[in-house]
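The structure appears right after this line, and notes come after that.
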Amino acid sequence: MSAPAPRPLDGITVVSLEHAIAAPFCTRQLADMGARVIKIERPGAGDFARGYDERVRGLSSHFVWTNRSKESLTLDLKRDEAGDVMERLLAGADVLVQNLAPGAAARLGLSFEALHAKHPRLIVCDISGYGEGGPYQDKKAYDLLIQSESGFVSVTGTADGPSKAGCSIADIAAGMYAYSAILNALLLRGRTGEGSRIDVSMLESMVEWMGYPMYYAFDGAPPPLRAGAAHATIYPYGPFPVGGGATIMLGLQNEREWRVFCAQVLRQAELAEDPRFLSNSQRTANREALRTLIVDVFAGLDIDQVTQRLEDAQIANARVNDMAGVWAHPQLQARQRWREVGSPAGALPALLPPATNSAYAPRMDPVPAVGENTDAVLASLGYAPDEVARLHAAEVV
């Protein structure tokens, strides 16, 4: 068999003091691209995300998602001898990622300022809720809290009340920006030879995503109304019930599509000239009247018939899948997007990284058990077997 094609981050070593989602999601993507990621965990329990649930054959759903292709090294950072282990790790590392409590890494001597003189090529990525400086620097920050502080919750939900997102979008946003920032820092180091410091704020990551509602509410203007699964300012754009109890999601983007929708989907071409619906703004203002008209037509059709009318009219549409529907999605199956990765619970399905590159295949290696790679990592750092045994006995690892 021929050797696998080289990946972009082959030869890059990442050391990560990580827990929960933001940093682990960042480093898993680095591992996908070939980086060696050494995940430092607390001896015993490890990353507390391991205990969030037991939904994946006894493993945590969050942990399985964000931790494949990593090596788990248990290390008690509060013990003096851990300092030597960290020094040896960082001497051969390209990137240090951490999302410990604010100030914790600096107290351990792991700030960029403390490390740069000894390891000038090392890139340090700090991920926190609010970033360094400012009155919120030390404030605790969890995903839901950042969804709230960023304004996301205020524009999400229904007229009766706000809602959070159904997944950890603040963590995901921070993890994505950390991932891309590290790639940028590696490119920069290739030019300058110097490592740099990255400061990623969950709040700023989410506020960037809030650009549309913020500008919509610019200079004191009213914000978008909470509209459930419908679009707040474009209509019709959202879910509609159809005969048989199913739901169809559809969206119109322009006046041409509105006229086609009336003629071919509703089969009421005259609605296109109704003065209540002559523009998107008017349709949005009169959405309840228009919704009633659409629901009345769809009530006499099943999901397949409505879908066919929308497809024939080239109107964008989608089914409202539950999780079982996503696991079995025919598009993902047809594009062969699923692989198997190992884990302490056996082989598990895993989605390939969304961006496919023709030159290489992403890394899809096992999800590690707590401390599974401790002895191997220590041996690679030059620790003799008796020294490894002593570190275990002293509960350093």
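The values are calculated or read from the model by the stated rules, or taken from the named source; none is laboratory data. If you're wondering where the values come from, they're calculated on a predicted model, not measured in any experiment. Cβ coordinates were reconstructed from backbone atoms using ideal geometry, including for glycine residues, and neighbour counts include every protein chain displayed. The protein model used for the area step is the full one, side chains on, heavy atoms only, and it has no ligands, DNA or RNA in it. Shrake-Rupley method; radii C 1.70, N 1.55, O 1.52, S 1.80 Å.
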*Cα gyration tensor, the chain - rounded (a/c under 1.5), prolate or oblate*: prolate
*Could you please state how large a percent of the accessible area of the chain is carbon and sulfur, counting protein chains only and using a 1.4 Å probe?*
55
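Here are some pairs, LYS39/LYS78; LYS70/LYS139; LYS70/LYS164; LYS78/LYS140; which of them have Cα atoms lying more than 27 Å apart in this structure? Before the final figure, lay out each step's value.
Numbers: LYS39/LYS78 16 Å; LYS70/LYS139 30 Å; LYS70/LYS164 30 Å; LYS78/LYS140 21 Å.
With Cα atoms farther than 27 Å apart: LYS70/LYS139; LYS70/LYS164.
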*Considering only the other residues whose Cβ falls under 13 Å of the Cβ of ALA185, what net charge follows from Lys and Arg at +1 and Asp and Glu at -1?*
0
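Given contacts defined as C-alpha pairs under 8 Å and at least six residues apart, what's the relative contact order of segment 22-133, whole-number percent? Write out the running numbers ahead of the final one.
Values: 116 pairs, mean separation 27.9, N = 112.
Worked out over segment 22-133, it gives 25 percent.
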_Given charges at Cβ of Lys, Arg, Asp, Glu: the chain dipole, positive-most of VAL341, ALA263, LEU301_ = ALA263
_Dipole-positive endmost among ALA313, LEU225, ALA173 within the chain (Cβ charges, Cα centre)_ = ALA313
*Using the Karplus equation 6.51 cos²θ - 1.76 cosθ + 1.60 (θ = phi - 60°), what ³J(HN,Hα) coupling, rounded to whole Hz, does each residue of segment 114-122 give in order, writing x for Gly and Pro?*
6, 8, 5, 5, 7, 10, x, 8, 6
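Any chance you could run the full-extension gain for GLU132 through ARG107? It's 0.36 nm times the residue separation minus the Cα-Cα distance, nm to one decimal.
Numbers: separation 25, 0.36 × 25 = 9.00 nm, distance 1.44 nm.
Stretched fully, the GLU132-ARG107 segment lengthens by 7.6 nm.
So with the 1.4 Å probe, I'd like the accessible area per residue for segment 330-373, rounded to whole Å². Walk me through the numbers before you get to the answer.
On the way: 2600 Å² over 44 residues.
Averaged over the residues of segment 330-373, the accessible area is 59 Å².
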*If we restrict to alpha carbons, what Rg and Dmax does segment 1-83 come to, in Å?*
14.2, 46
*Could you give the dipole magnitude of segment 171-326 about its Cα centre, charging the beta-carbon of Lys and Arg +1 and that of Asp and Glu -1, in debye to the nearest 20?*
160
*Per residue, how many Å² of accessible area does segment 8-142 show with a 1.4 Å probe?*
41
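Mind putting a number on the dipole of the chain about its Cα centre? Charges go on the C-beta only, +1 for Lys and Arg and -1 for Asp and Glu, and I need it in Debye to the nearest 20. Don't skip to the end; give the middle numbers.
Details: 37 positive and 46 negative charges, 105 e Å.
Dipole size: approximately 500 debye.
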*Go through segment 78-93 residue by residue and turn each phi into a ³J(HN,Hα) via Karplus (6.51, -1.76, 1.60, θ = phi - 60°); whole Hz please, and just put x for glycine and proline.*
7, 8, 4, 5, 5, x, 5, 4, 5, 4, 5, 4, 6, 5, x, 9
*Relative contact order for segment 144-232 using alpha-carbon pairs under 8 Å, separation at least 6, rounded to a whole percent?*
38
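Once you list every other residue whose beta carbon is under 11 Å from the beta carbon of ALA246, what net charge do they have if Lys and Arg are +1 and Asp and Glu are -1? Display every interim value, and only then the final one.
Working: positive: ARG319; negative: ASP302, ASP304.
Net of charged neighbours comes to -1.
If packing is taken as the average number of other Cβ atoms within 10 Å across a peptide's residues, how do 212-223, 35-46, 292-303 rank, most packed first? Could the numbers behind the result be given before it?
Numbers: 212-223: 10.8, 35-46: 21.0, 292-303: 14.8.
Those peptides, ordered most packed to least, come out 35-46, 292-303, 212-223.
Could you state the accessible area per residue of segment 171-274 in Å², with a 1.4 Å probe and every protein chain left in place?
Values: 5330 Å² over 104 residues.
Spelled out: the 1.4 Å probe surface of segment 171-274, per residue, equals 51 Å².
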*asked:* Quick one: 3J(HN,Hα) in Hz for segment 371-385, Karplus 6.51/-1.76/1.60 with θ = phi - 60°, rounded, Gly and Pro as x.
replied: x, 4, 10, 4, 5, 5, 5, 4, 4, 5, 8, x, 6, 6, x
